[in-house]
Every structure is written in structure tokens, then in C-alpha cells.
Amino acid sequence: MRLGASAYLAHGPLAGPTFEAAAAAGATLAFTSLHIPEDSPAGARAAATAIVSAAASSGLSVVADVSPSTARLLGDSPWEFLLSIGVARARIDFGFSVPEILSISAVLPIALNASTLRAADLAPFADLDVELIHNFYPREWTGLALSSVASSVAVARSSGWRIGAFIAGDSVRRGPLGEGLPTVEEHRTMPPLFQAVALYDAGVDDVYVGDPALTDHSWSRLGSFVRDDLVALDGTAAPGVHPLVIEALAIPDRNRPDAAEAMIRLEHSRERFAGLPLPEVGGQPRPAGSVTVQLASAGRYCGEVAITLRDLPADDRVTVLATTPVLTACSNGREGPGSRAVSISIRSSVRT
């Protein structure tokens, strides 16, 4: 998966810090839009140049979203101007005829709108350097279903093209609505890592953060996923869990290759946890997201750690070590069950 960050003319000062943080997380792409109605033509060329320059300084390749109104912002010869400042690809949003798109493609490689195009619309571009990139949706309840994104992947694959989509940020959100910029509606309030994993597992090649900033924590989590295929979950320890057990949870492990439907079973946990000071009493409720361990009464299963993917009944042989948000995709990665590493960073349940 390639990771991308975004910057906009109205948020120019954020571009440098955002691109630096993104590059540190393993990002190689940057996105900007050059047809936002709220943007003023005054200084647009200078602002666009500054964004592209900031991206280049961090080693990021820029995709610029364009429409016929881009000429209003940039003036004469907008595509030649974008090429001259270092834009790598123009994403064609709306309003262009096929001949106009082909004219742009003679200047810059293009990306087409994966959210609106049908397979039959792609024929004129079959021999070009093309990618497909979905829309983002600034207004609540207007985003796509994840199943729609998954369906578009088959269209991209049939042409041998990459496909991209957007996730919402968790820091500065772009105005005027400030409701996030995801492609998929159900992702709007999810942590960025969860959004990215879901898109990747749906077949998306390139994941762009749509909003102009993320928290450092989220960049770190995305970086672990992009660089190491590691899903690092955050959780809260149950009262009384020994620090050595908490430390052991942070060691990466994988779901078993024979993945269970109801839980993620960490493959090598028995040998790691059986000798640790585990709690002595089990039988607690196990709502979805519970991090559990089998106790000595479970016999040879003692020490096996699991993360519940749905609510499960209490079991006297099992105790709850912590709670964490449920990420079902970490049990079933694109390469198949068991292919993805999982670690759990636990904070104490006791306030200090």
C-alpha cells in the first residue's frame, strides 16, 4: 500500500509539517485540490507552488485534483503550469469532455474519478498512464459504501491500473464543514488506522489522508502498518493486570492461519504467556474488543491470548486482560488470515 497526505491552498502553512510527518510514516504521495470554490484566485499559483515544493522536500509525489474551474484559479495554460512546478499527476474530477481529458493527458499523467466512472467510460484511456482515485465526501452521510469501493477495484484491475481512496483525519479537518474527508461513510468517525486497513483489505492500492492534518499518534500507527504490516492496537488494562503481562502484549504476534470467526487467536502466545503472572480468576464478561487469556484451568491452552471480535459468554477458564477497539480486518488481511502482525499497547486503568 502507498500512503499519501493532503494539503490545500487555504491550509498552506500546514503543508510542510504534514508532509514531513507523512514521509516519516512511510508516505510517498501527496494530494491537493485546485478547484475548491472557497479558494481565491489571488495568489493561487504561488500557493500551489509552495505546496508542491513542500511535498518535494519530503520526497512526496503530488496528485492535483482539477476541473474546468482550475483555470479560474491558475489562469492561462494551467496544465503546463502544473507540470512546470512538479505536479506528477492530474486527477480529473468533473466537467471535462473526453477530448479535453486526452488533451490534459498529453501534458500530464492523469487519474480518473473512480467514484463516478463506469467500466465503459474507460475505453478511450486504455493505452494511457492512468490511475483511478475515488472522491472524498465532506458532508456527513454522503460517503460511499465500502462494497462500492471494493466493486471499483475489479474495474481498475481489468485495466491494470492502481486505485486510490481517502480516509478522514483526526486532527485539523478541512472546512467549511469540518466533518472529515473520507471516501467511505462508515469510516468518518473511525481511527485513521482502521480506515486504512479496511480500504487496503478491500483492494485499494493507495490510501490518502483527505484532511490536512493527523495526530502524531495516528501517523505512527499508519507508519507501522505501511512499513511493517503491523496493526498496533491501543487498549486499557483491566485492574490488577501484572506489568509483565502488559509488556508481553506489545510484542507483535499473528492471528493463527486457521482464523477463528469469533476471535483473533495470537499464534505464539501460549509459550510467551503461560509462564507469566496471570490473574487467578476468570469468568468475566467478554464484550467485543476484550483481550483475554486462557488460565491454567484451560490445560494446554493456558496462556493463549485472544481478541474477541463479537460479544462472547463468560468462561471461568478465561480472564479479561484489557479492552481495545475491535478491528476485524486485522484477522483477515489481503494475503489471507494470519498474514498480519498485531501488537497491543496497553495503558493502565489506574489514573496517575
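The values are calculated or read from the model by the stated rules, or taken from the named source; none is laboratory data. In this text the structure is predicted, and so the values were computed from the model without any measurement. Note that each Cβ is placed from the backbone with ideal geometry, even for glycine, and that neighbours are counted across all protein chains shown. Note: areas computed on protein heavy atoms with side chains; ligands, DNA, RNA excluded. Shrake-Rupley method; radii C 1.70, N 1.55, O 1.52, S 1.80 Å.
Figures for the structure shown
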item: The chain, accessible area per residue, ligands and nucleic acids excluded (1.4 Å, Å²); result: 42
item: Within the range 183-293: Cβ-based charge dipole about Cα centre, in debye rounded to nearest 20 (Lys, Arg +1; Asp, Glu -1); result: 380
item: Peptide ranges 172-180, 319-327, 88-96 listed from the most packed, as the mean C-beta count within 10 angstrom indicates; result: 319-327, 88-96, 172-180
item: Relative packing of peptides 209-218, 145-154 - highest average C-beta neighbours within 10 Å first; result: 209-218, 145-154
item: Positive dipole terminus of the range 72-118, leading residue within ALA111, GLY86, VAL98 (C-beta point charges); result: ALA111
item: Alpha-carbon spread of the chain, three principal axes, descending order, Å; result: 76, 45, 33
item: Inter-label distance, nm, simple model (7 Å from Cα along the C-beta direction), ARG139/SER343; result: 4.3
item: Most positive-pole-ward Cα, LEU278, THR215, ALA288, against dipole of the range 197-341 from beta carbon charges; result: LEU278
item: Contour excess over end-to-end distance, with Cα ends at ALA71 and ARG2 and 0.36 nm allotted per residue; result: 21.9 nm
item: Computed label-point distance, nm, for sites GLU280 and ARG310 using a 7 Å Cα→Cβ extension; result: 3.6
item: Pair LEU102, SER159: separation of 7 Å Cα→Cβ label points (nm); result: 1.4
item: Helical mean residue ellipticity (222 nm; -39500 (n - 2.57) per DSSP H run of 4+; nearest 500) of the chain; result: -8000 deg cm²/dmol
item: 0 to 90° range, to nearest 10: angle between helix 192-201 axis and the chain longest Cα axis; result: 80
item: Solvent-accessible area, 1.4 Å probe, carbon plus sulfur percent, for the range 98-179; result: 55
item: Amide proton proximity set for ARG254, modelled H, under 5 Å, gap of 5+; result: GLU267, HIS268, VAL342
item: Test item: Cα-centred dipole of the chain, Lys/Arg +1 and Asp/Glu -1 on Cβ, debye; result: 460
item: Folded to 0 to 90 degrees: helix 216-228 orientation relative to the chain principal axis, Cα; result: 90
item: Centre separation in Å (Cα based) which lies between the range 174-241 and the range 11-26; result: 16
